[in-house]
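For reference, the structure is listed below as C-alpha cells.
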Amino acid sequence: MQSQQKAESDLLRVYGRLVSLTLILVILAVIGVNYFSTVPQLAVRNLELEHTRFLNVLAMVRSQWLSLGKPQQMRLNWEVFNEQSTNSEQTFVLMGVQGWPQPSQFDEQGCQALWQQLMGQDLAENTLMGAYFSKDNSCRYRSQNGDSIGYQLNSGRVIFLTSS
C-alpha cells in the first residue's frame, strides 16, 4: 500500500509542477503579447520626437541665416558625446534663396546627407530612409512602419504623416 501512496504522491507532485509550469508560460505569453503590441507605438513616438527636433533645428538654422546676413552656406557645430570624450564636429550646409537648408545634390543621398548635417546623426541609427521627390522638390524621411517626415525644400514646410 505504501508504494501505491508513494506513486500517487509522486504523480500529484508532477501534476502540480506541470500546472505551475503551464501557468508561468501563460503569464509570460500575456506579457510578451502586451510588450510586442507596444513596440510600433514606441516607434511612432520616436518619430514624433524627431519631427519636433527637426522643426526646432530648421527654425534655428533659418534664424541664424537671417542674423548672419543670408549667406549661401552656413557652418553648423555639433557636440558629439562619446563614453570617453566630447568632440566638436563642424559641417557646412547649403542654404536656399529663401533661407532653408538644401541638400548638396537633389537625390536620395543628398537628402540623407542633409539629415545628417541638420540632425547630427546618420539615418542608419534611426532606421529612417531618405528619399528625394522632384515633383514637389522635397525630401521625405520614412520609418520602417511607414510613418514619414516630409521636408519641402523651397518653403521649409515640414509634414509629419502616420501610416495608421
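Here, each number is a calculation from the coordinates, and none is a lab measurement. Since the structure is predicted, the reported quantities are computational estimates derived from the model, not experimental observations. Heads up, the Cβs are rebuilt from the backbone with ideal geometry, glycines too, and the neighbour counts pull from every protein chain shown.
Couple of notes before you dig in:
- Restricting the trypsin sites (Lys or Arg not before Pro) of segment 133-164 to loop positions (DSSP other than H, G, I, E, B) with no more than 10 neighbouring Cβ atoms within 10 Å leaves Lys135.
- One decimal place: the segment Thr52-Tyr35 gains 3.5 nm when fully extended, by the rule 0.36 nm per residue minus the C-alpha distance.
- Computed from phi, the 3J(HN,Hα) profile of segment 58-70 under the Karplus parametrisation 6.51, -1.76, 1.60 (θ = phi - 60°) reads 4, 5, 5, 5, 5, 5, 5, 4, 5, 6, 8, x, 6 Hz, with x in place of Gly and Pro.
- Given +1 at the Cβ of Lys and Arg, -1 at the Cβ of Asp and Glu and no other charges, the dipole of segment 88-164 around its Cα centre is 280 debye to the nearest 20.
- Span from the segment 14-28 Cα centroid across to the segment 126-148 one, whole angstrom: 47 Å
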